[in-house]
Amino acid sequence: MIIEVLKSKIHRVRVTQADLNYVGSITIDEDLMDAANMIAGEKVAVVNNNNGARFETYIIKGRRGSGEICVNGAAARLVSVGDVLIIISYCHLEFEQAKCFRPWIVFPDTNTNRLIK
């Protein structure tokens, strides 16, 4: 049996930009992507803690060290600059493998969206 489980989570980052006229996606600082073991083009679920909106999109690599979190395209209507988001990716694993799988969970500084050292 194959099940879907949490693979990666970036917990509580702030939206730095919302660009309605972009083709789509979410731009994420490459440092955060690396820490969460996420890649460009990966499908993610995004949860807005401020208004409860949830949406799915894909990742675009942002400038390393910038703290950039930009929601692009139609989803930009679901956020405001300064909103706090949780960004989640999932993977499919065999049931027995999933029992011992440990996801990558990142808790960046909520004010700067940078990794806490």
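The values are calculated or read from the model by the stated rules, or taken from the named source; none is laboratory data. Because the structure is predicted, anything quoted here is derived from the model rather than measured. Cβ coordinates were reconstructed from backbone atoms using ideal geometry, including for glycine residues, and neighbour counts include every protein chain displayed.
For segment 102-111, indicate whether the set of residues that are more than 15 Å from the chain's Cα centre (by Cα) and more than 30 Å from M1 (Cβ to Cβ) is non-empty.
Yes, the conditions are met somewhere in segment 102-111.
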>> Just to be sure I understand, how many residues within segment 101-117 are within 23 Å of G52 (Cα to Cα), modelled with pLDDT of 95 or more and in a loop (DSSP other than H, G, I, E, B)?
In response: 5
> Among V47, V71, which is the only one that is assigned to a strand (DSSP E or B) and under 20 Å from P103 (Cβ atoms)?
Replying inline: V47
>> Checking A98 against (1) in a strand (DSSP E or B); (2) crowded, with 16+ Cβ neighbours inside 10 Å: exactly one of these is not met. Which one?
In response: (1)
>> Among the residues of segment 51-68, are any closer than 14 Å to T16 by Cα, of a type in the set (D, E, K, R) and in contact with a helix residue (DSSP H, G or I) (Cβ under 8 Å, 6 or more places away or on another chain)?
In response: yes
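Taking the condition of being over 21 Å from I116 (Cα atoms) and either assigned to a helix (DSSP H, G or I) or of a type in the set (S, T, Y) (or both), how many residues in segment 1-34 meet it?
Selection size over segment 1-34: 2.
In the set I26, I88, which member is crowded, with 18+ Cβ neighbours inside 10 Å and within 27 Å of M1 (Cβ to Cβ)?
Working: I26 fails: within 27 Å of M1 (Cβ to Cβ).
Answer to the check: I88.
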> So which of V23, V44, V15, V5 is closer than 19 Å to D109 by Cβ and aliphatic (A, V, I, L, M)?
Replying inline: V15
> Are any residues in segment 21-69 touching a residue at least 40 places away in the same chain (Cβ under 8 Å) and in contact with a Gly (Cβ under 7 Å, 6 or more places away or on another chain), and if so, which ones?
Replying inline: Y22, V23, G24, S25, T27, I28, D29, D31, E68
> Which of the residues belonging to segment 68-117 are of a type outside the set (D, E), touching a strand residue (DSSP E or B) at 6+ places or on another chain (Cβ under 8 Å) and more than 19 Å from A45 (Cα to Cα)?
Replying inline: F95, A98, F101, N111, R114, L115
